[in-house]
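Colleague: A single structure is presented below for examination.
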Amino acid sequence: MMMIRQICYWTLLLTSAAALRQETTAATMEMGPNISKEGITRDLEAMKEAGIGGAPVFHITSAVTVGAKPTGNCPWPEITYRSPQWWELMKHAAAEANRLGLELGMHNCVGYATTGGPWITPERGMQQLVRKMQALQGGKQVMIDLPLPGSNPVDLGVFAVPAEGVIPLDKIIDLGAETDAKGHLVWDAPAGAWNVYRIGYAFSGHQSSPVPDDVLNKAFEVDKTSVGSNYRRLSVSEYRDKMKAGWIGQMAGVSWGAPTEFKYHDRIIPENEMPKWQPRIINDAFEQDDLYVEMTFLHSMEQYGLDVSIRQAGLDFANSGYNLACANLAGRENLRKGIAPPDSGHPKFNRCPNDIDYQIESDYSGLIAPGMPNVAIAMGEKFGHLMNYGDGVYAGQFMGAMYAEAFFEKDMVKVIEAALKAIPAESQHAEMVRDMLKWSKECPTWEECWKRCQEKYRNNPEYLKATTGLDGIDCKINAAFVLMGLLYGKGDFDQTIVIACRCGLDSDCNPSSAGGVLFATCGFSKLPDRFTKELNEKSIFSHTAYKVPGLLDVCEKLAREAIVKEGGRIEKDAKGEDVFVIPVKPLKPSKLELSWAPGPIAESKFTETEMDQIAVPGSAVVLKKDVHKLAPGWTIANCGPEMEPGLRDEELGRQNVLITHPLDKDTACVLSRITDIPAGKKTTLKLTVGHHPGGDWDLVVRADAREILRKTVGANTATNGWLEVSVDLSRYQGKSILLELSNQASGDWCWEGGYWNRISIESN
C-alpha cells in the first residue's frame, strides 16, 4: 500500500507485467499512518524518474521493532488501516500511478505473511492437531468423556487401539458412531487393555506479524495447510436440485406406501402384497399430512424469519385446521388450552411424548440446512417441543441431520454416523441408531435385522416406557425401519422405499423419510423419470399456499438466512452463480431428556393476548364469540377441544346449538355470569340442554359457589335428546349473584359434550 518518503523501499528481484518492457518494480512498505497525498505523489514521481515501472504496496507495523509499538511522532494518527481516510489515499495512489503510466499492485493482506488480516476468523485461521487419550480395561460397557482441548475444536475421529504389542490396522476400532459431539463415549469394549484416542484440530491463535498497532492481536493467519477443510461449498443450483429431490423422495415414499399404512402390525408385508409403483401416484402426496404439516413450520419462518419464537410457532400450529392424531393432536390441544410450548409437548400434559410425529415432520429442518446439522438441532428444540419430548424430539433432530449431511455425502453409513452425533449419546434413540449400524453389518438380510429390532424395540418393556401402545407409533422402531431401508437399500431408489415400507407399522411415513434422504444425495436432475415425469408442479399442497416452485423458493430463502447466521457466506463463482460457503462446526446436541422421567415443566402459559390470536373453531376467542351469540353476557372457561366445541347452525333437530365439553374427567366446562336478581319478582333460570346420542353428562348449577341443582342429561332423562330445566332463583331477590352452569363428566368419559339451545333468566 502506498507510502511517503519516511518509509523505506525494498527493491525486489521481481518483475510485474511491466517487466515485459524490461522495467524493474519496487515493493513499498507503509509504516502505519505515516502517509499523505503529497508524499504519495512525490514517491511515485521519483519512481517514474528512476525508471521503475511500478510497485506492489505493503502495509506493515507502525514501528520497525517487532511488537508493533505505536510510533510517537505520527502526524496523522487517525489514518488507520482500512479507515475511510486510508481508502481515500489508496484511491489517490491509483489515480497518480495511472497518470504517470505506472503499475500499482496491492498486497492481499496486512503484514508479511501474504494471507493474514483482521478479517480472518478463528475458524479460518491456522489450525493445529489436538487429541485426548484415555486408557481403559474392556470386557464391559464403558462410558467415558473425551473432551478435545483448544478453542471450538473440530472432531476428526475416535479410535480404540490395543494397548500392547504390534497393532495391525484391522485391530483399530472406529468409535465415531459411539461418541457424541461433546466427546461422551458409550462402548461395549471387548476384553483387554485399550487406549482410546479422540483426534481433532483447533485454532492455534497464530497471528500475522508485524502489523500496525490498530490491528494488533486481531490479524490472524489463515490456515494454509488445509484449504477448505473448515468450509463446504455448494452452488445454489446444486442446492436447489438436491433439496427438490428431498421433497420428491418424501412424496414418492408416502404415496407408494399409503395403501399399507398401519395394516401390518408387527409383521413384514409379504412381497406380493407390496403395491406397485405408478408414476401418476406421485401427485397423491399433495393431500398427505406427512408433507403439509411440516410446511406449517416453514410458513412460520417465512412470515417471522428463521428465528421465529417458539411461542409464535405454537400459535401458528394451534391455528392449523387439518386433522391430527397422537402427539400432534395432544400438543395442539394443549396449545389451544393455553399451555404454551415447550410444555405443550411435556409428558405432564402430553401422553404421547415419544410418538413418531416430529420425526415425520422434521425433513424440512435438514432441507433448509445443507451441511449445518446444528440448525436442524435448533429446529427440533423449537418445533419438536410443540408436540414431543425426549426421544420424540431427538428422532426429528436425527432425521434433519441426515438430510443436512445428504447434501455432501452419498455413503449412507457415513450419513447416519454424522447424524448420530446430533443427538445425546445416552438417549435410547441413539442406542437404536448404534444398534442398526451394528446389526446391518451382522445380519445378511434385512428380514433378519427386522427380527432383532422387533425383539428389542417392540417386545422389551424397557424400550416402551413412554409409548402410548397405539399401533406401534413409537419413534424408535419406526426410525429403525427408515434406517433399514437406507442401509439395506444400497442406494437403490426402489429397494430403499420398498424395504422401509415392508417393515410395516407406519409404512407410509417411514418410506417417505427414507426416500427423502436418499433422493437428496442424488439430486432431482438425476432421478429416474418414473418418479418425476407425472409430477404436477402446479398442484397446491393441502392446507398450504405452496406449489412446488414456491416451496423451493421458501427453502432457499431460509437456507440463505441459516448460512449467514451460522457464520457462512454467499459468493459468486467464475460464472457469476451464487455459491453457499458453509462453515463446518462442532455439533451441539440438545440436553438429555427422558420421557419416562421428565424434568420440571417450564410453567409456560399463553397470555390472554396470545390466546386471542388462536382463532379456530373451539378456541377461546371463537368460543367467547359463540357464547355471546347464544347467551349474551355469559362467559366460558375450561372448555376441552373434544367434539369440536362451538356454535352449530343445527344439531338434533334444533337451530343454534352451542356445544361444550369438559376439559378433562375432573374439570368441568363452565358457563358463568354475574346476575342482578330483582326484588319483588319471581326469577327463573330456564335451560334447554341436550346430549350426544352416544353419551351423557352432568348439569350442575351453582349460585355464588353453592350447588343448587345437579341433573344427568342423557337418554334416561331427555326426550329426543333434549331436556327442559327450570331453576327458581327467587331466594336471591335483591342480590347480585354469580351463576355457574357446569358441563361435567358423568364418569364414563364418552361423548360428554353439553348441548345448549337456550340459556335465559326470566323475571315475572
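The values are calculated or read from the model by the stated rules, or taken from the named source; none is laboratory data. Bear in mind that the values here come from a model prediction, so they are computed numbers and not experimental data. Cβ coordinates were reconstructed from backbone atoms using ideal geometry, including for glycine residues, and neighbour counts include every protein chain displayed. Side chains are part of the model used for accessible areas, which takes the heavy atoms of the whole protein and leaves out ligands, DNA and RNA. Shrake-Rupley method; radii C 1.70, N 1.55, O 1.52, S 1.80 Å.
Conditions (1) surrounded by 14 or more Cβ atoms within 10 Å (Cβ to Cβ); (2) more than 30 Å from ASN350 (Cα to Cα); (3) modelled with pLDDT of 95 or more, marked per residue:
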| site | (1), (2), (3) |
| --- | --- |
| VAL548 | yes, yes, yes |
| GLU577 | no, yes, no |
| ILE601 | no, no, yes |
| GLU608 | no, no, no |
| GLY618 | yes, no, no |
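Colleague: While we're looking at this one, here's another question. Does the stretch 189-209 hold any residues that are in a strand (DSSP E or B), open to solvent by 20 Å² or more (accessible area, probe 1.4 Å) and modelled with pLDDT under 90, and which are they?
Modeller: Within the stretch 189-209, TYR201, PHE203, GLN207 qualify.
Colleague: Among the candidates ALA430, ALA425, ALA406, single out the residue that is open to solvent by less than 10 Å² (accessible area, probe 1.4 Å), of a type in the set (Gly, Ala, Ser) and under 24 Å from CYS326 (Cβ atoms).
Modeller: One residue alone meets the criteria, ALA430.
Colleague: Among the residues of the stretch 620-633 satisfying the criterion of being open to solvent by 20 Å² or more (accessible area, probe 1.4 Å) and assigned to a loop (DSSP other than H, G, I, E, B), which is nearest to TRP756 (Cα to Cα)?
Modeller: In this case the residue turns out to be PRO632.
Colleague: Within the stretch 566-586, can you find the residues that are part of a loop (DSSP other than H, G, I, E, B) and in contact with a strand residue (DSSP E or B) (Cβ under 8 Å, 6 or more places away or on another chain)?
Modeller: If the condition is that a residue be part of a loop (DSSP other than H, G, I, E, B) and in contact with a strand residue (DSSP E or B) (Cβ under 8 Å, 6 or more places away or on another chain), then GLU566, GLY567, GLY568, ASP573, GLU577, VAL584, LYS585, PRO586 are the ones that fit.
Colleague: Can you find, within the stretch 654-666, the residue that is nearest to the chain's Cα centre (by Cα) among those that are open to solvent by 40 Å² or more (accessible area, probe 1.4 Å) and modelled with pLDDT of 95 or more?
Modeller: ASN656
Colleague: Then there's this: Please state which of the following conditions VAL130 fails to meet, knowing it meets all the rest: (1) within 30 Å of CYS109 (Cβ to Cβ); (2) in contact with a Lys or Arg (Cβ under 8 Å, 6 or more places away or on another chain); (3) assigned to a strand (DSSP E or B).
Modeller: Answer for VAL130: the failing condition is (2).
Colleague: From LYS476, LYS438, which residue is open to solvent by less than 30 Å² (accessible area, probe 1.4 Å), closer than 26 Å to ILE144 by Cα and part of a helix (DSSP H, G or I)?
Modeller: LYS476
Colleague: Check PHE493 against each of (1) over 26 Å from ASP355 (Cβ atoms); (2) more than 24 Å from the chain's Cα centre (by Cα); (3) open to solvent by less than 10 Å² (accessible area, probe 1.4 Å); (4) among the hydrophobic types (A, V, I, L, M, F, W, C) and name the one condition it does not meet.
Modeller: Going through the list (1) over 26 Å from ASP355 (Cβ atoms); (2) more than 24 Å from the chain's Cα centre (by Cα); (3) open to solvent by less than 10 Å² (accessible area, probe 1.4 Å); (4) among the hydrophobic types (A, V, I, L, M, F, W, C), PHE493 breaks only (3).
Colleague: Starting from the stretch 534-558, take each residue that is free of Cβ contacts under 8 Å to residues at least 60 places away in the same chain and list its partners that are open to solvent by less than 70 Å² (accessible area, probe 1.4 Å), counting only C-beta distances under 6 angstrom and pairs at least six apart or across chains.
Modeller: GLU537/VAL548
Colleague: Take the conditions open to solvent by 20 Å² or more (accessible area, probe 1.4 Å) and closer than 29 Å to PRO641 by Cα and apply them to LYS414. Does it pass?
Modeller: For LYS414, the condition - open to solvent by 20 Å² or more (accessible area, probe 1.4 Å) and closer than 29 Å to PRO641 by Cα - is not met.
For every residue, the table says whether it meets (1) of a type in the set (A, V, I, L, M, F, W, C); (2) closer than 20 Å to LEU486 by Cβ; (3) in a helix (DSSP H, G or I).
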residue	(1), (2), (3)
SER237	no, no, yes
ARG240	no, no, yes
MET243	yes, yes, yes
GLY246	no, yes, yes
ALA252	yes, yes, yes
TRP256	yes, yes, yes
ASN283	no, no, yes
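Colleague: Residues that are in contact with a Pro (Cβ under 9 Å, 6 or more places away or on another chain), without any contact (Cβ under 8 Å) to a residue 40 or more places away in the chain, surrounded by 13 or more Cβ atoms within 10 Å (Cβ to Cβ) and in a loop (DSSP other than H, G, I, E, B): does the stretch 729-742 have at least one?
Modeller: Checking the stretch 729-742: not a single residue is in contact with a Pro (Cβ under 9 Å, 6 or more places away or on another chain), without any contact (Cβ under 8 Å) to a residue 40 or more places away in the chain, surrounded by 13 or more Cβ atoms within 10 Å (Cβ to Cβ) and in a loop (DSSP other than H, G, I, E, B).
Colleague: Suppose we filter THR683, THR675 for residues that are buried (at least 18 other Cβ atoms within 10 Å of the Cβ) and in contact with an Asp or Glu (Cβ under 9 Å, 6 or more places away or on another chain); which single one remains?
Modeller: Going through THR683, THR675 in turn, just one is buried (at least 18 other Cβ atoms within 10 Å of the Cβ) and in contact with an Asp or Glu (Cβ under 9 Å, 6 or more places away or on another chain): THR683.
Colleague: Can you name the number of the only condition in (1) open to solvent by 30 Å² or more (accessible area, probe 1.4 Å); (2) modelled with pLDDT of 80 or more that GLY39 fails?
Modeller: With (1) open to solvent by 30 Å² or more (accessible area, probe 1.4 Å); (2) modelled with pLDDT of 80 or more applied to GLY39, the lone miss is (1).
Colleague: Which condition does VAL308 not pass, out of (1) open to solvent by less than 10 Å² (accessible area, probe 1.4 Å); (2) part of a helix (DSSP H, G or I), if it passes all the others?
Modeller: (2)
Colleague: Quick check on PRO342: is it within 26 Å of VAL564 (Cα to Cα), in contact with an Asp or Glu (Cβ under 9 Å, 6 or more places away or on another chain), open to solvent by 10 Å² or more (accessible area, probe 1.4 Å) and touching a residue at least 24 places away in the same chain (Cβ under 8 Å)?
Modeller: The answer is no for PRO342.
Here's the yes/no breakdown for (1) small (Gly, Ala, Ser); (2) surrounded by fewer than 16 Cβ atoms within 10 Å (Cβ to Cβ); (3) free of Cβ contacts under 8 Å to residues at least 40 places away in the same chain; (4) more than 23 Å from LYS591 (Cβ to Cβ):
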| residue | (1), (2), (3), (4) |
| --- | --- |
| HIS107 | no, no, no, yes |
| GLY116 | yes, no, no, yes |
| GLY157 | yes, yes, no, yes |
| VAL166 | no, yes, yes, yes |
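Colleague: Another question, if that's okay. Give the residues of the stretch 312-330 that are in contact with an Asp or Glu (Cβ under 8 Å, 6 or more places away or on another chain), crowded, with 17+ Cβ neighbours inside 10 Å and over 13 Å from ILE360 (Cβ atoms), sorted by residue number.
Modeller: LEU315
Colleague: Another question, if that's okay. With LEU592, LEU558 as the choices, which residue is open to solvent by less than 70 Å² (accessible area, probe 1.4 Å) and either modelled with pLDDT of 95 or more or touching a Leu at 6+ places or on another chain (Cβ under 8 Å) (or both)?
Modeller: LEU558
Colleague: Just the residues that are open to solvent by 50 Å² or more (accessible area, probe 1.4 Å), of a type outside the set (D, E, K, R) and touching a residue at least 60 places away in the same chain (Cβ under 8 Å), please, taken from the stretch 285-305.
Modeller: Matches in the stretch 285-305: HIS299 only.
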